[in-house]
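Every number here is computed from the coordinates shown, using simple stated rules; none is lab data. The structure displayed is predicted, hence computed values, not measured ones. Cβ placement follows ideal geometry from the backbone for every residue including glycine, while neighbour counts extend to all protein chains displayed.
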Amino acid sequence: MPQSHRSADELQAMYSQHKSRIQKLIARVSKLESEAEEHKLVIETLRPLDPPRKCFHMINGVLVEKSIREVLPMLEDLHKNLLKTIEVLLEKYKSEDAAFKQFVKENNIKVMS
């Protein structure tokens, strides 16, 4: 819809929606990066230890006893998946940010502080 057909309220609502989507993506990426870092630290701690050694793994709030041999591959897979998800979300962020900048430009929006 061309800018001349949009009211100031509509533009404000659309602007807020764009900003909200971008902020949610940033928050999600931040949370996943924190989780990935935690997984990395645990992996680095477990890797040099004896594989049959027992360790405990939290699954859905239940502490389960397993060996390092069983837990380490699961943690490494989870870590890889977290990194892939972060990559996808960062691409989505870039796309959303570009769309937001285009929206601001097309509608000649000036932000007042």
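Only one item in (1) 13.8, 41; (2) 16.0, 58; (3) 22.0, 70 matches Rg and Dmax of the Cα atoms in Å derived from the coordinates shown, and that item is (3).
Residue by residue, the range 49-56 carries 3J(HN,Hα) couplings of 7, 5, x, x, 4, 7, 9, 10 Hz when phi is fed to the Karplus relation 6.51 cos²θ - 1.76 cosθ + 1.60 (θ = phi - 60°); x denotes Gly or Pro.
Taking amide H as placed 1.01 Å from N in the peptide plane, the amide H of C55 sits under 5 Å from that of K66, S67, I68, each at least 5 places away or on another chain.
Per residue, the average separation of C-alpha pairs within less than 8 Å and at least 6 apart gives the chain a relative contact order of 33 percent.
Compute the helix-to-body angle for 8-46: its Cα long axis versus the longest principal axis of the chain, expressed 0 to 90° and rounded to tens. Tilt of helix 8-46: around 10 degrees. Counting trypsin sites (Lys or Arg not before Pro) as exposed when in a DSSP loop with at most 16 other beta carbons within 10 Å, what is the longest stretch of the chain free of them? The segment 54-109 is the longest one with no such site.
Axis angle, to the nearest 10 degrees, between helix 68-106 and the longest C-alpha principal axis of the chain: 10 degrees.
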